[in-house]
Amino acid sequence: MYQCKTWDDRDYLGETEEPASSCAPLRTVGIDGSPDLAAGSACEMRRDECVAIASDDLCRAWKRRVDEAEFRWKFAGSGNDARKAEYERFAKIYRDSACVR
C-alpha cells in the first residue's frame, strides 16, 4: 500500500506506486488578458506522488482504508453497489491479513 499526494495537496491511500496521471486545470485568459473572456480550457498532466507505507504502519493504513470505504458505502448516496463491493474487498483483505491475528 502507498501513501499518495495529489497535485493539489490531497492525501489518499493507493495500491500502486505509479497511479494514473490526472489533468490539473490551468488558468486561461482571453485575448485581452482577462480570465472573464477566456474561450477555452487547458490542463497539465500531473502524476500523484506515492511512497510505500512502512511495514510498521501498514495495519493502521489498512484499517483506515477499510473505515473510509465503509463510510463511503453507507453515507455517500447513490452508487452503493460499487461502494459496497469496494468495502467488502478491503475488509476481506484486512481480515485475512496478519493485522487481525
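Quick note: the coordinates plus some simple rules give every number you see, no bench work behind them. No experiment lies behind these values; they were computed from the predicted model shown. Note that we place each Cβ from the backbone using ideal geometry, even for glycine, and neighbour counts take in every protein chain shown.
Observations
- Rounded to the nearest 20 debye, the dipole size of the range 1-52 about its Cα centre is 100 debye, using +1 on the Cβ of Lys and Arg and -1 on the Cβ of Asp and Glu.
- Only Lys, Arg, Asp and Glu carry charge here, each on its Cβ (+1 for the first two, -1 for the last two); on that basis the chain has a dipole of about 560 debye about its Cα centre.
- One decimal place: the segment Asp96-Ser55 gains 13.1 nm when fully extended, by the rule 0.36 nm per residue minus the C-alpha distance.
- Label of the coordinate-derived value, Cα Rg over 2.2 N^0.38 Å, listed as [x] 0.97; [y] 1.07; [z] 1.48: [z]
- Simple label model, 7 Å out from Cα along Cβ direction - Asp8 to Ser21, nm: 1.9
- Those chymotrypsin sites (Phe, Trp or Tyr not before Pro) in the range 21-101 that DSSP places in a loop and that have at most 13 other beta carbons within 10 Å: none
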